[in-house]
Structures are given as C-alpha cells and as structure tokens.
C-alpha cells in the first residue's frame with residue numbers, strides 16, 4: 001500500500017515556474033476529523049496579478065508550440081498522474097472526505113482527460129467556406145484565447161480542474177488556476193505532477209486563496225481573456241457580472257429530478273437514484289436532487305430506496321468497508337440539515353437517516369437519507385441540497401410530472417425511467433436541461449460528452465467535455481485571401 005502524496009515543501013503558489021510562499025496563510029482541514037493537516041497560502045490580489053503576468057509572458061511561445069508537441073505534453077502529464085495515482089488519491093480522500101475508491105476513480109479520470117485532450121487537439125481544424133466573391137479564398141482557424149482564468153470547486157478537486165487544464169494546455173492557452181481553498185493541498189500535488197512532466201514555466205500558474213480575493217482578481221484582470229468556472233449558481237452569477245464581456249464557460253448547480261413512471265424498472269430506478277444521491281456524499285452538481293414518482297409505485301420505490309440507504313456504511317474514508325465519507329465543510333453540512341429539518345417541520349417523513357453523526361469522529365458526517373412526502377414549496381424541492389438526501393415527491397399523471405420537473409430554476413441533468421421510450425424522448429425534448437438520461441440516473445456522463453446547463457436556468461453557460469471544451473477555449477477566426485487582386489480591384 002502506497003502512502004499519501006507528500007508535497008516537496010510547504011503548500012505554495014506556483015507562478016512562472018517557481019514555487020512561491022505567501023505571507024498570510026489559512027489552514028487545510030481533514031473533514032473526517034476536523035484536524036488541521038497543513039497550511040495554505042492566502043493569496044492577495046497582487047499575487048494573482050503576478051500569476052496573470054506570468055501567464056501573459058508564457059502565452060505567445062506556448063501558442064506557437066506545434067500542436068503535436070502540445071499533445072505529447074498532455075500524454076506525458078497523463079502518464080505522470082498515473083504514476084502517482086494512489087498517492088494523490090489518498091491525499092484527495094484525506095482533504096476532501098470521499099472514500100478512497102471514489103478518489104482512485106477520480107484521479108484515473110484526470111489522467112484520461114489529458115490523454116483525451118491530446119487526441120482531440122490533433123483533430124481540431126477549421127473550414128474552407130464558399131464566398132460570393134470569386135476572387136476570395138475564405139477559411140476559419142482555431143486559435144488559443146490567450147490567458148485563461150480557471151476557478152474550480154472542492155467536490156472533484158482533481159478531475160474538474162483537468163476538465164479545463166487539459167483542453168487549455170492542448171489548445172495553446174496559458175492558464176491561471178485558482179482552486180477551492182478547502183482542497184488546495186491536492187491542487188498543489190497535481191501542480192507538482194504537471195511541473196514534473198515538463199510543462200514550460202508560466203503555462204499553468206497556481207494561485208491559492210479565497211475566491212472573493214484571488215479568484216475575483218483573476219476574473220477582472222484586463223489581461224485575462226476568458227474564464228472557466230465550476231461551482232455554485234450564486235458565485236457563477238457574480239463571476240459573470242464581474243467579468244462581463246469576456247468569453248465564459250460556467251458549469252453551475254443543479255437540482256435535477258429523476259422521474260419514475262408507473263411502468264419503470266423500479267430496481268434500476270432505485271439503484272440509480274440512490275447512487276446519484278450518495279456517491280461523493282451527494283456533493284455532485286448532477287446529483288439526484290429530487291425523485292418524482294408516480295403515485296401507483298411510490299410505496300415500492302420508497303421501500304427500495306430505503307434499503308439502498310440502509311446498506312451504506314458511513315464513516316472514515318480510509319476504513320475498509322466504508323461506502324460514504326463526511327461532507328466537505330461546515331457550510332454544506334449546515335445546509336443539508338436545514339433542508340431536511342425544513343421538510344420534516346412541514347410534514348414530510350424521514351424513512352432513513354436524516355441526521356448528523358458527530359459520534360463517528362467529526363461534525364461533518366450526515367446519514368444517507370430518504371425523505372417521503374416532499375412538497376413543491378419545501379427547500380429540498382426548490383434548492384440544491386448538495387448532500388446525501390433523496391427527496392421523494394409523488395405525482396398523479398404525466399402532466400403533473402412534467403409540471404414539477406419544469407418548476408425549477410435549474411436545468412442541468414435529469415433522469416427519466418420508463419419502458420415507453422417514445423414517452424422518454426418526449427420528456428427529454430420538453431425539459432430545458434442540458435442532459436436528459438432515459439433509463440439512467442441524472443449523474444450519468446463520460447468525459448468526452450457535452451455537460452452543461454440549459455438556457456435561461458441557473459445551471460450555467462456552455463458545455464464541458466471533449467471537443468466541446470476544446471472549442472470553447474479557442475477563438476474562431478475567419479481569414480480571407482484575395483487570390484486575384486487585379487480582378488478584385490476591377
């Protein structure tokens with residue numbers, strides 16, 4: 001068994017190819033125990049500006065680096081991540097709280113993300129377009145945007161950054177990366193691995209600090225050409241306002257329903273809904289936000305969901321047999337409790353779980369929970385809970401099911417369970433979400449597929465995944481060539 005990844009020194013910022021300490025620090029905390037496990041830089045706006053300057057200096061030469069050389073670098077980074085996979089995963093579990101098996105899967109996907117970017121960038125191309133003017137040759141090119149600001153969350157602190165870093169590196173951008181403070185030790189580990197693979201200085205710069213300071217400084221900086229952000233809808237809106245006019249890729253929150261019709265395979269629906277709520281302790285933007293169940297099968301479905309909840313073993317992420325760890329931070333733990341308490345106070349029934357478990361060694365453990373009798377106005381239905389809770393709402397017919405699904409500010413991901421494929425497709429067309437999975441849960445996704453929110457919802461702008469991210473992180477430029485200047489003059 002390998003040990004936890006050990007940083008080469010104290011946690012520091014990485015700017016222009018150098019590891020740089022910050023005068024002010026903040027603690028890194030193990031969510032399973034509440035113990036301080038390190039000290040992190042609390043970077044100033046001035047530090048963020050230095051990182052932007054380093055990225056700006058590196059951008060021209062990296063953009064000019066041949067595509068196949070950039071692809072080779074991405075392959076090398078993927079291999080470097082693979083070589084440290086278990087050690088990084090153990091640090092990820094220690095700092096984020098997810099169980100080791102989930103952490104191993106996340107780090108493996110991060111390595112895959114670099115390999116995917118290496119392949120896709122070699123396939124990116126422009127077009128030749130017809131022109132009314134016969135003297136003109138018209139073509140389009142894909143070019144890097146320049147300095148890209150990337151701000152990432154704590155729920156998947158290795159793979160979500162890679163969803164931006166790998167395409168950004170492959171397409172020739174220079175990046176300033178601000179990770180979530182509560183998972184910045186593992187961000188340092190990933191940055192060390194990227195550096196070790198040989199990425200030129202300044203192509204990726206790591207700035208650790210609070211979002212309102214370091215993150216905001218990156219967003220508003222005049223030399224930052226574009227922004228990538230994954231996180232809450234409220235923060236995403238603030239970033240959109242502060243960085244107005246810049247191209248943005250914003251992957252925000254969700255409260256996606258899993259709709260279970262009367263003809264559904266209930267075993268499959270229950271397994272998917274429970275899995276989508278309890279994976280990573282429910283801290284997933286595409287998690288099972290709520291289950292909408294036909295009244296005729298709601299009893300059977302609730303019984304099956306309860307069995308799934310009761311089978312989970314809540315505890316230390318490193319203990320053998322543990323299937324779910326703690327929540328990551330006090331803010332999200334308080335929200336989960338608030339949402340469950342609100343439902344109970346307004347008449348809902350807890351079928352399993354429903355309460356914190358500080359007796360397990362820390363204040364952030366919360367039981368896998370099933371709540372029945374949730375109604376439209378309850379917080380479990382209206383807001384993103386971001387915890388291990390399955391709220392169940394009964395509906396009487398297709399019209400009510402669709403009305404409940406549409407009655408939401410979010411539009412990220414939806415699951416629909418029915419044996420009537422035509423009905424499933426009609427529901428998919430009707431719901432303004434970025435993803436609708438028929439006979440799969442709301443969390444189904446693969447790294448090359450488009451992931452993002454529907455228009456006019458709180459769930460974001462643009463699409464992550466595969467070629468979609470590559471295109472978002474590049475500028476489409478039209479170039480015309482006058483083939484016969486004399487003819488053009490006539």
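For this structure, a couple of remarks:
- If you go through the range 358-374 and keep only what is farther than 22 Å from residue 314 by Cα and touching a helix residue (DSSP H, G or I) at 6+ places or on another chain (Cβ under 7 Å), you end up with just 374.
- Inspection of the range 247-266 identifies no residue that is part of a helix (DSSP H, G or I), in contact with a helix residue (DSSP H, G or I) (Cβ under 9 Å, 6 or more places away or on another chain) and within 20 Å of residue 458 (Cβ to Cβ).
- Per-region count, the range 208-228, residues more than 22 Å from residue 63 (Cα to Cα) and surrounded by 24 or more Cβ atoms within 10 Å (Cβ to Cβ): 5
Residue by residue, here is whether (1) in contact (Cβ under 8 Å) with a residue 40 or more places away in the chain; (2) buried (at least 22 other Cβ atoms within 10 Å of the Cβ); (3) touching a strand residue (DSSP E or B) at 6+ places or on another chain (Cβ under 9 Å) holds:
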residue	(1), (2), (3)
7	yes, no, yes
26	yes, no, yes
32	yes, yes, no
48	yes, yes, yes
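- Flag for residue 305 being crowded, with 19+ Cβ neighbours inside 10 Å, touching a helix residue (DSSP H, G or I) at 6+ places or on another chain (Cβ under 9 Å), more than 26 Å from residue 451 (Cβ to Cβ) and modelled with pLDDT of 95 or more: no
- Close pairs from the range 288-307: first touching a residue at least 60 places away in the same chain (Cβ under 8 Å), partner part of a loop (DSSP other than H, G, I, E, B) and surrounded by fewer than 24 Cβ atoms within 10 Å (Cβ to Cβ), Cβ under 6 Å, at least 6 apart: 294/261; 294/262; 295/396
- Output for the range 328-347, where each listed residue is in a helix (DSSP H, G or I) and closer than 23 Å to residue 182 by Cβ: 330, 331, 332, 333, 334, 335, 336, 337, 338, 339, 340
- Filter result for residue 282 (at positive phi and touching a strand residue (DSSP E or B) at 6+ places or on another chain (Cβ under 8 Å)): yes
- All positions within the range 208-242 that are over 15 Å from the mean Cα position of the chain (by Cα) and in a loop (DSSP other than H, G, I, E, B): 208, 209, 210, 221, 222, 223, 224, 225
- A single entry from 443, 375 fulfils the requirement of being over 21 Å from residue 285 (Cα atoms) and either touching a strand residue (DSSP E or B) at 6+ places or on another chain (Cβ under 8 Å) or touching a residue at least 40 places away in the same chain (Cβ under 8 Å) (or both): 375.
- Scanning the range 309-319 for residues that are under 14 Å from residue 362 (Cα atoms) and either touching a strand residue (DSSP E or B) at 6+ places or on another chain (Cβ under 6 Å) or outside any loop (DSSP other than H, G, I, E, B) (or both) returns a single hit, 314.
- Residue 419 being out of contact with any strand residue (DSSP E or B) (no Cβ under 8 Å at 6 or more places or on another chain) and part of a loop (DSSP other than H, G, I, E, B): yes
- Residue 322 being assigned to a loop (DSSP other than H, G, I, E, B), modelled with pLDDT of 95 or more and farther than 20 Å from residue 95 by Cβ: no
A quick yes/no check of all residues on (1) over 30 Å from residue 148 (Cα atoms); (2) at pLDDT below 95; (3) in the same structural domain as residue 142 (by TED's automatic domain parsing); (4) in contact with a helix residue (DSSP H, G or I) (Cβ under 8 Å, 6 or more places away or on another chain):
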| residue | (1), (2), (3), (4) |
| --- | --- |
| 383 | yes, no, no, yes |
| 396 | yes, no, no, no |
| 403 | yes, no, no, no |
| 422 | yes, no, no, no |
| 427 | yes, no, no, yes |
| 430 | yes, no, no, yes |
| 486 | yes, yes, no, no |
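- Some residue of the range 452-472 being more than 17 Å from the chain's Cα centre (by Cα), over 26 Å from residue 248 (Cβ atoms) and outside any loop (DSSP other than H, G, I, E, B): no
- Exactly one residue out of 434, 453, 411 is surrounded by 21 or more Cβ atoms within 10 Å (Cβ to Cβ), in contact with a strand residue (DSSP E or B) (Cβ under 6 Å, 6 or more places away or on another chain), on the phi < 0 side of the Ramachandran plot and not assigned by TED's automatic domain parsing to the domain that holds residue 170, and it is 453.
The values are calculated or read from the model by the stated rules, or taken from the named source; none is laboratory data. Remember, it's a predicted structure, so these values are computed and weren't measured experimentally. Glycine also receives a Cβ, built like all others from the backbone with ideal geometry; neighbour counts cover every protein chain displayed.
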